[in-house]
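K.L.:
Before I ask anything, let me first share the structure, which is written out below as structure tokens.
The values are calculated or read from the model by the stated rules, or taken from the named source; none is laboratory data. Keep in mind that what you see is a predicted model, and the values were worked out from it rather than measured. Glycine also receives a Cβ, built like all others from the backbone with ideal geometry; neighbour counts cover every protein chain displayed. All accessible areas refer to the heavy atoms of the entire protein, side chains included, with ligands and DNA or RNA removed. Shrake-Rupley method; radii C 1.70, N 1.55, O 1.52, S 1.80 Å.
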Amino acid sequence: MSRNIKFVSERHHWSVIIFTLSCYLIFSAFLSWRKSLEFNFQSFVTFTSFYLGFYILFKVKHEKYLTEDNGVFYLRSIKSTLYLKKGLFGQPYIEITSLTKNGYYRVNVRQNQISIQDWNLMLSKCI
């Protein structure tokens, strides 16, 4: 029976978006104070709309379609291989690779991105 591996919400991405928008506001306020320019609300709304639009398009395009069926993992409906690797600071992560005829799909999964049960199942299937 096939089941999807659910990823935890990506709170980190939203904090980056909020940080970028707040930096834009601070920079615009500084320029308006320094150069006697008016703060243009329309440019802020345009910037925010494009920024969120690109984020949503990027997220939809790069969404992780990971399923498990009887101990075999599939990334975007292609059988995949799991490798246990260590990051720069020694933190373990699982690299999931699916080979296609034109290239490959590759996703790195960290322990805090999925549930503990899924992490342990994936660890048991790693090479």
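K.L.:
Give the carbon-plus-sulfur fraction of the accessible surface of the chain in %, rounded to a whole number; probe 1.4 Å, heavy atoms of protein chains only.
P.N.:
Numbers: 5890 of 9660 Å².
Carbon-and-sulfur percentage of accessible area, whole number: 61.
K.L.:
Now for a different question. Residue by residue through region 111-127, what is 3J(HN,Hα) from phi via Karplus (6.51 cos²θ - 1.76 cosθ + 1.60, θ = phi - 60°)? Round to whole Hz and write x for glycine and proline.
P.N.:
Each residue's phi maps through the Karplus curve to give 4, 7, 8, 9, 6, 4, 5, 5, 4, 5, 5, 5, 4, 6, 9, 6, 8 Hz.
K.L.:
Holding the Cα-Cα limit at 21 Å, pick out from Lys59/Lys86; Lys6/Lys101; Lys79/Lys125 the pairs that are longer than that.
P.N.:
Lys59/Lys86; Lys6/Lys101
K.L.:
Out of [x] 30, 16, 11; [y] 41, 16, 13; [z] 23, 18, 13, which label holds the value of semi-axes √(5λ) of the Cα gyration tensor in Å that was computed here?
P.N.:
Of the listed options [x] 30, 16, 11; [y] 41, 16, 13; [z] 23, 18, 13, [y] comes from this structure.
K.L.:
Sticking with this one: What is the distance, in nm, between label points placed 7 Å from the Cα along the Cα-to-Cβ direction at Ala29 and at Tyr55?
P.N.:
Between Ala29 and Tyr55, the simple spin-label model gives 1.9 nm.
K.L.:
What is the set of long-range amide H partners of Ile114 at a cut-off below 5 Å, with H atoms built 1.01 Å from backbone N?
P.N.:
Those lying under 5 Å, H to H, from Ile114 are Val8.
K.L.:
On to the next question. Please give the helix 41-61 orientation as an angle from the longest Cα principal axis of the chain, in degrees from 0 to 90, rounded to the nearest 10.
P.N.:
10 degrees
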